[in-house]
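Asker: Have a look at the structure that comes next, please.
The values are calculated or read from the model by the stated rules, or taken from the named source; none is laboratory data. Being a predicted model, the structure only gives us computed values, none of them experimental. So basically every Cβ, Gly included, is an ideal-geometry build from the backbone, and we count neighbours across all protein chains shown. The protein model used for the area step is the full one, side chains on, heavy atoms only, and it has no ligands, DNA or RNA in it. Shrake-Rupley method; radii C 1.70, N 1.55, O 1.52, S 1.80 Å.
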Amino acid sequence: MGTGALMNLGIRAMFAAQASLETTGHNISNANVDGYSRQTAVLTTSQGQFTGAGFFGKGVEVTTVTRDYDEFLTREAATTKAMAAFDSAREAQLRRLETVFPTGEAGIGFAVNRFLNSMSDLASKPQDSSSRQVVLSEARNVAGRFAAASAQLDSFQQGIGSDLGVAVTAVNGLAKQIADVNDQIARVQGQGQPPNDLLDQRDRLISEISQYVQVTTQPVADGTVSVFIGGGQPLVLGSRHEQLELVPDRFDGAQSRVSMKGTGAILHTEALGGGSIAGLLTVQDTDLRDARNLLGQLAASVAGAVNDQQSYGLDLQGNAGAPVFAVGAARVLPEKGNSAASNANVTMTVADWRQLQASDYRLEVNPNTTGASDAYRVVRLTDGEVFTLSDSGVANTSDGLVDGMQVGIAGGGFGAGEAFVLQPVARAGSGMSAQITDPRQIAAASALVATGAGGNSGSAVVGSLQVLTTASAPLQGASVVFTDNLGNWELRDSGANVLGSGQWTAGNPVIESNGIRLTLSGTPKQNDSFGLAANTAFAGDNGNALGLLALRDQRLVDGVTFTDAYAAALADVGVRVRSADAAVQTSGQLAASAEEAVKSRTGVNVDEEAAKLMRFQQSYQAAAKILQVAQSVFETLLETART
């Protein structure tokens, strides 16, 4: 072996040491770069050269530079990041939603109770103008609270649309970058060496896009990666990328949907899986919708109860009470693409506020129809309960209503594939307003008056009379007659026909029948009677004011009092917020753990790299020594040759 071989060994050793030093220096330089994977120069022994004295080594070769990469950990980190982003986006919106249902004096419940409590002063002084003015002021306050809360919900909807737009723009930008990096990787892939920094860059982009939408990836033979979202929709294929866009909801144009630009395919929330886009859509489709319906149900129930009771009484001018409140109208939202004729054929009105539910409904052709009696169906969206409808739109239920609403389907109905969303209460709060402005219009007086007969032998006298229904005219001329000394009574009309009966007791001195509630004090005797007549002395009467005051303790909203219903709404939103907060904590920890696992597997340990740097420096110095020795040997050989 000559000196040339020795010099070749030294040169190769120096190159290998230099490659290791450069790789280590690159690692140290990028130690604090997110997503950087530790790289390693791979060295192999060169094949030895055969001589008669055996094989002599030819040194070392730099085969490649690899990066530490774990596909499973990287994919797990991206998935958990998507779920954490989903929970974080939803939790942030729910905390905003919580402000719509405040507690204490700022709450809607407090305003409604103040309004109903103001009826106490009105009942004490039904002719007092200041008491009546307080009632009107509190009515305006109630309507204003509902309208303001609904406006907040509209603002939240706009904010969600804006946030979705920002997220979609970000996804489109990242998709383009991934496609560009794919193109660069494909161009250098044929050189036989992995472009480590480009691969890291692509992984970082995929991790970043996972914050907005959960992705699945599929490697391709040319080194590129295909990226899919929404249950298989291609976002990136090689160097080509698709774009997302925001489009109006096919029922409600105020809501936004995310679709694939060009194909128009809607990315449904369930298919998106994770990411902030799915979180925002979930709030829009579930939490915000439910909050709007809860608010609307409360508004419709309060307005319905007060307006009904107001209509039972007489105002200071002797007129039947006019409505105190107006609420936003029920809405029928046709699906985009329905025919104009079909849209004109469908109507919906609120027939009974007492039965209204906090829900939207979907109206469609019944896929399981067996005849005209069940040609259509209405699906309650909160729980999926189904009501079937005939061609005329009359529900096949005992009362002919679907949760208090009457659906009408005229003409030829509508065809299969066409659908409508019914919103009986969603906009009730937004249109709520106080309708009366004149204090004299408050119907504090009862439409009927009860008077004891002159020949009554008992000590019973009329305490109060409340009318509970507008059907009071047939009761004029009726009377309550006690049939014995045990308190048994009958309600008889002017023709002595019995309309109702019951038993009066001192512990329960209320006679309630056929839309009247008569309270007696004292003790009635057999044959005592109390006649009912139209109220002509209405100026100082408080019978209906007492009825309005009694609404405070009546079950107005889905079988519970308004106070309990508002408390339930607060609890519903609060539970969602607490649940979302717990989900944020859990998913955040999982995402952090997954990211830490990636870093521990692929990240740079500066101390370890510093130790390597010293080792490779020594290798470089030793390789330089080989060259120095080779040069010395060569010079010795030259000197020997001269002599």
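Asker: Restricting attention to the range 325-341, does a residue exist that is free of Cβ contacts under 8 Å to residues at least 60 places away in the same chain, more than 23 Å from the chain's Cα centre (by Cα) and either open to solvent by 10 Å² or more (accessible area, probe 1.4 Å) or under 30 Å from ALA443 (Cβ atoms) (or both)?
Answerer: Within the range 325-341, one or more residues are free of Cβ contacts under 8 Å to residues at least 60 places away in the same chain, more than 23 Å from the chain's Cα centre (by Cα) and either open to solvent by 10 Å² or more (accessible area, probe 1.4 Å) or under 30 Å from ALA443 (Cβ atoms) (or both).
Asker: Do we have any residue at all in the range 44-53 that's open to solvent by 70 Å² or more (accessible area, probe 1.4 Å) and under 30 Å from ILE206 (Cβ atoms)?
Answerer: No, that holds for no residue.
Asker: Select from the range 482-499 the residues that are farther than 21 Å from THR523 by Cβ and either surrounded by fewer than 16 Cβ atoms within 10 Å (Cβ to Cβ) or not charged (D, E, K, R) (or both) and list them in ascending order.
Answerer: Within the range 482-499, SER494, GLY495, ALA496, ASN497, VAL498, LEU499 qualify.
Asker: Name every residue in the range 625-637 that is surrounded by fewer than 18 Cβ atoms within 10 Å (Cβ to Cβ) and either touching a helix residue (DSSP H, G or I) at 6+ places or on another chain (Cβ under 6 Å) or outside any helix (DSSP H, G or I) (or both), in order of residue number.
Answerer: Within the range 625-637, LEU627, VAL633, PHE634 qualify.
Asker: Another question about this same structure. Looking only at the range 512-535, which residues are of a type in the set (A, V, I, L, M) and in contact with a helix residue (DSSP H, G or I) (Cβ under 7 Å, 6 or more places away or on another chain)?
Answerer: ILE516, LEU532
Asker: Just for strands (runs of 3 or more DSSP E) wholly inside the range 1-92: which have at least 1 residues that are under 30 Å from GLY274 (Cβ atoms) and touching a Ser or Thr at 6+ places or on another chain (Cβ under 8 Å)?
Answerer: 60-67
Asker: Looking at the range 90-106, I want the residues that are more than 17 Å from ALA151 (Cβ to Cβ) and have a partner that is exposed (fewer than 15 other Cβ atoms within 10 Å of the Cβ) and not hydrophobic (A, V, I, L, M, F, W, C) with Cβ atoms under 7 Å, at least 6 apart or on another chain. Which pairs are those?
Answerer: GLU91/ASP581
Asker: So which of SER129, SER124, SER88, SER118 ends up being touching a Lys or Arg at 6+ places or on another chain (Cβ under 9 Å) and at pLDDT 90 or above?
Answerer: Just one listed residue meets the conditions, SER129.
Asker: List, please: which pairs have Cβ atoms under 7 Å, are six or more places apart or on different chains, and start with a residue in the range 24-50 that is modelled with pLDDT of 90 or more and among the basic types (Lys, Arg) and end with one that is surrounded by 13 or more Cβ atoms within 10 Å (Cβ to Cβ) and assigned to a loop (DSSP other than H, G, I, E, B)?
Answerer: As it stands, the answer is ARG38/ASP68; ARG38/GLY603; ARG38/VAL604, since those pairs meet every condition given.
Asker: Take the residues of the range 442-456 that are modelled with pLDDT under 95 and out of contact with any strand residue (DSSP E or B) (no Cβ under 8 Å at 6 or more places or on another chain): which is nearest to GLN310 (Cα to Cα)?
Answerer: GLY454
Asker: Right, here's the next one. Going through the range 421-452 one residue at a time, which ones are farther than 26 Å from LEU549 by Cβ and either surrounded by 24 or more Cβ atoms within 10 Å (Cβ to Cβ) or touching a helix residue (DSSP H, G or I) at 6+ places or on another chain (Cβ under 7 Å) (or both)?
Answerer: LEU422, GLN423, PRO424, ALA426, ARG427, SER430, listed by residue number.
Asker: Residues that are open to solvent by 30 Å² or more (accessible area, probe 1.4 Å), touching a residue at least 24 places away in the same chain (Cβ under 8 Å) and closer than 19 Å to THR216 by Cβ: does the range 294-302 have at least one?
Answerer: Looking for residues that are open to solvent by 30 Å² or more (accessible area, probe 1.4 Å), touching a residue at least 24 places away in the same chain (Cβ under 8 Å) and closer than 19 Å to THR216 by Cβ, one finds none in the range 294-302, hence no.
Asker: Given the conditions (1) open to solvent by 20 Å² or more (accessible area, probe 1.4 Å); (2) farther than 26 Å from ASP438 by Cα; (3) not polar (S, T, N, Q), and given that ARG145 satisfies all but one, which numbered condition is not satisfied?
Answerer: Failed condition: (2).
Asker: Counting only residues that are open to solvent by 20 Å² or more (accessible area, probe 1.4 Å) and within 27 Å of ALA329 (Cα to Cα), which one in the range 363-373 is modelled with the highest pLDDT?
Answerer: The residue in question is GLU364.
Asker: Oh, and also: Please find, among GLU245, GLU270, the residue that is closer than 24 Å to LYS336 by Cβ, out of contact with any His (no Cβ under 6 Å at 6 or more places or on another chain) and part of a strand (DSSP E or B).
Answerer: Exactly one residue qualifies, and that residue is GLU245.
Asker: Six or more apart or on different chains, Cβ atoms under 8 Å: show the pairs whose first residue is in the range 590-605 and over 17 Å from ARG38 (Cα atoms) and whose second is open to solvent by less than 30 Å² (accessible area, probe 1.4 Å) and modelled with pLDDT of 90 or more.
Answerer: Short answer, once both residue conditions are applied: LEU590/THR80; LEU590/ALA84; ALA591/ALA77; ALA591/THR80; ALA591/ALA84; SER593/THR80; ALA594/ALA77; ALA594/THR80.
Asker: Let me ask another. Go through (1) open to solvent by less than 20 Å² (accessible area, probe 1.4 Å); (2) in a loop (DSSP other than H, G, I, E, B) for VAL258 and report which single condition fails.
Answerer: Among (1) open to solvent by less than 20 Å² (accessible area, probe 1.4 Å); (2) in a loop (DSSP other than H, G, I, E, B), VAL258 violates only (2).
Asker: If you don't mind, there's one more thing I want to ask. Would you tally the residues in the range 135-154 being touching a residue at least 60 places away in the same chain (Cβ under 8 Å), out of contact with any Leu (no Cβ under 7 Å at 6 or more places or on another chain) and farther than 15 Å from ARG292 by Cα?
Answerer: Total satisfying the criteria: 5.
Asker: Now for a different question. Return yes when GLN133 is outside any helix (DSSP H, G or I), farther than 30 Å from ASP285 by Cα and either aliphatic (A, V, I, L, M) or open to solvent by 10 Å² or more (accessible area, probe 1.4 Å) (or both) and no when it is not.
Answerer: Criteria not met by GLN133.
Asker: Ok, one more. Please specify each residue of the range 54-106 satisfying the condition of being closer than 30 Å to VAL604 by Cβ, among the β-branched types (Val, Ile, Thr) and open to solvent by 60 Å² or more (accessible area, probe 1.4 Å).
Answerer: The answer is THR63, and nothing else.
Asker: Further question on the same structure: Could we say that LEU205 is in contact with a helix residue (DSSP H, G or I) (Cβ under 6 Å, 6 or more places away or on another chain) and aliphatic (A, V, I, L, M) here?
Answerer: Yes; evaluated as a whole, the condition is true for this residue.
Asker: Do you know which residues across the range 230-242 are in contact with a strand residue (DSSP E or B) (Cβ under 6 Å, 6 or more places away or on another chain), part of a strand (DSSP E or B) and open to solvent by 10 Å² or more (accessible area, probe 1.4 Å)?
Answerer: GLN233, PRO234, LEU237
Asker: How many of the residues making up the range 119-130 are in contact (Cβ under 8 Å) with a residue 12 or more places away in the chain and either farther than 25 Å from ALA428 by Cα or open to solvent by 50 Å² or more (accessible area, probe 1.4 Å) (or both)?
Answerer: The number of residues fulfilling the criteria is 8.
Asker: So GLY192 fits all but one of (1) in contact (Cβ under 8 Å) with a residue 12 or more places away in the chain; (2) exposed (fewer than 15 other Cβ atoms within 10 Å of the Cβ); what number is the exception?
Answerer: Going through the list (1) in contact (Cβ under 8 Å) with a residue 12 or more places away in the chain; (2) exposed (fewer than 15 other Cβ atoms within 10 Å of the Cβ), GLY192 breaks only (1).
Asker: I'm told ASP285 meets every condition in (1) under 30 Å from GLY559 (Cβ atoms); (2) touching a residue at least 60 places away in the same chain (Cβ under 8 Å) except one. Can you identify the failing condition by its number?
Answerer: (2)
Asker: Among the residues that make up the range 348-362, is at least one of them at pLDDT below 90, within 17 Å of GLU418 (Cβ to Cβ) and either part of a helix (DSSP H, G or I) or over 21 Å from the mean Cα position of the chain (by Cα) (or both)?
Answerer: no
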